[in-house]
1. Would you list which aspartates and glutamates come within 15 Å of residue 278, measuring only between C-alpha atoms, while excluding same-chain residues fewer than 8 positions from it?
2. Indicate the gyration tensor shape class of segment 176-318 (rounded, prolate or oblate), computed on the Cα atoms with a ≥ b ≥ c the square roots of the eigenvalues: a/c under 1.5 is rounded; otherwise a/b larger than b/c is prolate and the rest oblate.
3. When the Karplus curve 6.51 cos²θ - 1.76 cosθ + 1.60 is applied with θ = phi - 60°, which whole-Hz ³J(HN,Hα) does each residue of segment 221-228 get, with x for Gly and Pro?
4. Amide H neighbours of residue 167 under 5 Å, counting only residues 5+ apart in sequence or on other chains, H built in-plane at 1.01 Å?
5. Taking a ≥ b ≥ c as the square roots of the eigenvalues of the Cα gyration tensor of segment 162-210, is the shape rounded (a/c under 1.5), prolate (a/b larger than b/c) or oblate?
6. Using θ = phi - 60° and the Karplus curve 6.51 cos²θ - 1.76 cosθ + 1.60, what whole-Hz ³J(HN,Hα) does each residue of segment 297-314 get, with Gly and Pro shown as x?
7. Is the shape of segment 68-125 best called rounded, prolate or oblate, per the rule: a/c under 1.5 gives rounded, else a/b larger than b/c gives prolate, else oblate, with a ≥ b ≥ c the square roots of the Cα gyration tensor eigenvalues?
Amino acid sequence: MAFYANHTLQVSQADRYRFPSTQFGYRISPNCSPYILQDFSQVLNRLMHLEAYCDGDSIAGTSIKEESASSEPDLFQALFFPRSIAPRTPMKAVAATQMTEETLSAMWFRLVAHYFEWLTGISEIQYMAHEDKVRLVVCHLCKVVCLSVVYTNYTCKGSEQEDCLFFGSEFYWDPARSNDPLMDEYCLEMKRTVNRILAPVKKFGMSREEFILIKLMILFDCTNLTGISDEGLEFARSMCNKYRATLSQLVRFHVEEMGVAEGWSGEQIDRYSMEKLKCLLDVPMSIEVLGKLDDDSLADMVENNYGGMRGILQQQIHTESRKIRRF
């Protein structure tokens, strides 16, 4: 499709207004191969700063002036100027804006802007061919965003608002306050699926670092994606395996620390490490289900212009891209 072939994710070295090179990984050293398995602490040192920046945390310098938004943003604008489609409001789970037909579009744009801004810090993407990289990031948007929604709700564990669904950036759905049948159906199905995903996760826990590594595994998992070149598939598979190995390192390190503190035997540490790792590695498969539910629901909303969702960018992501991917 033409709108894929005409866009890239290249970022100019001079474009430090949006993406300071000291914080992001898009400046690739010629001596650093993406295939090298680094220590998890080195990987997370960069990725944690990236996540905080995109989340709108104070350490990331959120005083930078926002870019002016277009009345009809498209994929080009989302790729190159993600902050122009939504302000970088904090992504913390706060119950401030109830999900309604009137607030749906604002929630969607904020989560999509967060995703595209985050992508610019993932240096491995630049090794892919232009069409491959755009196809990859557009077709995996729903799944990566859904993982963020899952983690947002995980951080709300023990909250008095356990019946609510939190999307981040102050957007939430409270069934007791809603009277919109279509929004209720969408959010209720999302909530049920999120709860099923979190049920096993709550047994072992999921740290922010583990969430970030799973996020990268989902981004590079092309198991159910068509249209990527053979070279692109091989590279993406290698990156997915790299972050899976990094996650394994991290889990083992944390479990060993906990085991020493609790006086566990080596066998107990091994068993718990394997059980927790298996639980976390099952998350991407569950996200496939949630991502499909989210994408199908939003595609229907775009088709019916519910909440003013029949915009150019919404159609490119939820309607046009469906022709070249499968779940």
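1. Residue 278 reaches 210, 270.
2. Values: a/c = 3.56, a/b = 1.59, b/c = 2.23.
Oblate.
3. 7, 9, 3, 10, 10, 9, x, 8
4. 172, 173
5. Values: a/c = 2.89, a/b = 1.92, b/c = 1.50.
Judged from the Cα gyration tensor, segment 162-210 comes out prolate (a/c at least 1.5, a/b above b/c).
6. Values per residue, Gly and Pro as x: 5, 5, 4, 5, 5, 5, 4, 8, 6, 5, x, x, 7, 8, x, 4, 5, 4 Hz.
7. Numbers: a/c = 2.52, a/b = 1.43, b/c = 1.76.
Verdict is oblate for segment 68-125.
No value in this document is a laboratory result; all are computed from the given coordinates. Treat the numbers as computed from the prediction; the structure is a model and nothing was measured.
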